[in-house]
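The values are calculated or read from the model by the stated rules, or taken from the named source; none is laboratory data. Here the structure is a predicted model, which means the values were calculated and not measured. Cβ placement follows ideal geometry from the backbone for every residue including glycine, while neighbour counts extend to all protein chains displayed. Each accessible area value is taken on the protein alone, full model and side chains, heavy atoms only, with ligands, DNA and RNA left out. Shrake-Rupley method; radii C 1.70, N 1.55, O 1.52, S 1.80 Å.
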Amino acid sequence: MTRVLVVEDDPRLVRALVLNLRARHYDADPATDGRTALRLAQARRPDVVLLDLGLPDMDGVDVIRTLRGWTRAPILVLSARRGAGEKVAALDAGADDFITKPFSMDELLARLRAAVRRTGTPAGTAATTLVTTDDFTVDLSARRVRRAGRDVRLTPTEWHLLEILVTNPGRLISQKYLLGEVWGEARGGKTNYLRVYMAQLRRKLETDPSHPRYLVTEAGMGYRFEPGTAA
């Protein structure tokens with residue numbers, strides 16, 4: 001049973017979320033403030049976190065940063081904040097998705113299912129466990145990326161995108177496929193999601209992010225991983 005931590009200070013909304021999740025056979029734990037959420041996360045080790053940013057005792061972005069210090073569980077932000085800067089701040093802190101209130105339960109559940117899928121290991125990755133380029137290495141079994149002798153910290157969403165690309169070297173991966181695998185079919189037209197996360201990956205891995213060598217865009221079609229000269 002998938003364990004979900006629901007962090008929301010509105011008692012009516014948290015009750016509705018918990019009841020709906022339990023009715024669909026999720027193991028849901030409620031928390032109405034940041035400190036309770038962090039304590040429950042340590043004790044219960046959730047598979048997914050649903051997190052409101054406007055908590056009474058601390059900002060949700062600080063909760064994200066704290067959680068990212070020790071867990072890679074997907075974090076789905078639920079917030080009435082609509083500003084692009086706040087969304088970017090949450091994503092940069094380590095959130096995997098941003099759902100704007102009000103939202104439908106069907107949309108939330110679809111995003112939740114996509115987050116759970118992203119935590120699994122894609123088919124076909126077992127044969128290759130170490131991908132090496134001239135500038136960085138990707139250890140698929142350890143879920144670890146190193147560049148210039150140092151670990152590169154990736155969010156779960158960044159990792160999943162990179163994993164799909166590096167396990168298909170030289171192959172064009174369509175935007176539609178990537179969106180479906182990482183965010184679910186409901187986000188099939190949100191190509192801006194891909195642009196944002198691919199830009200983040202390039203900043204972390206490419207020597208010249210504006211002229212990428214490894215994470216190549218095929219305009220209007222998708223993305224390709226070119227491993228270069230390294231074996």
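A few comments on the model shown:
- Filtered residues of the range 56-90 (kept if in contact with a Phe, Trp or Tyr (Cβ under 9 Å, 6 or more places away or on another chain) and open to solvent by less than 60 Å² (accessible area, probe 1.4 Å)): 76, 77, 78, 79, 90
- Test: residue in the range 83-93 that is β-branched (Val, Ile, Thr) and modelled with pLDDT under 90: yes
- Neighbours by Cβ (under 6 Å, 6+ apart or cross-chain): first from the range 128-144, under 17 Å from residue 118 (Cβ atoms); second β-branched (Val, Ile, Thr) and open to solvent by less than 40 Å² (accessible area, probe 1.4 Å): 138/131; 138/145; 138/166; 140/125
- A count restricted to the range 198-222 and to residues that are touching a helix residue (DSSP H, G or I) at 6+ places or on another chain (Cβ under 6 Å) and either hydroxyl-bearing (Ser, Thr, Tyr) or in a loop (DSSP other than H, G, I, E, B) (or both) stands at 2.
- Among the residues of the range 146-197, those identified as open to solvent by 70 Å² or more (accessible area, probe 1.4 Å), basic (Lys, Arg) and not in a helix (DSSP H, G or I) are 146, 150, 153, 171, 190.
- Considering only residues in the range 204-231 that are among the small types (Gly, Ala, Ser) and either at pLDDT 85 or above or on the phi < 0 side of the Ramachandran plot (or both), the one that is surrounded by the fewest Cβ atoms within 10 Å (Cβ to Cβ) turns out to be 219.
- Just one of the listed residues (117, 143) is open to solvent by 10 Å² or more (accessible area, probe 1.4 Å), among the charged types (D, E, K, R) and out of contact with any helix residue (DSSP H, G or I) (no Cβ under 7 Å at 6 or more places or on another chain), and it is 117.
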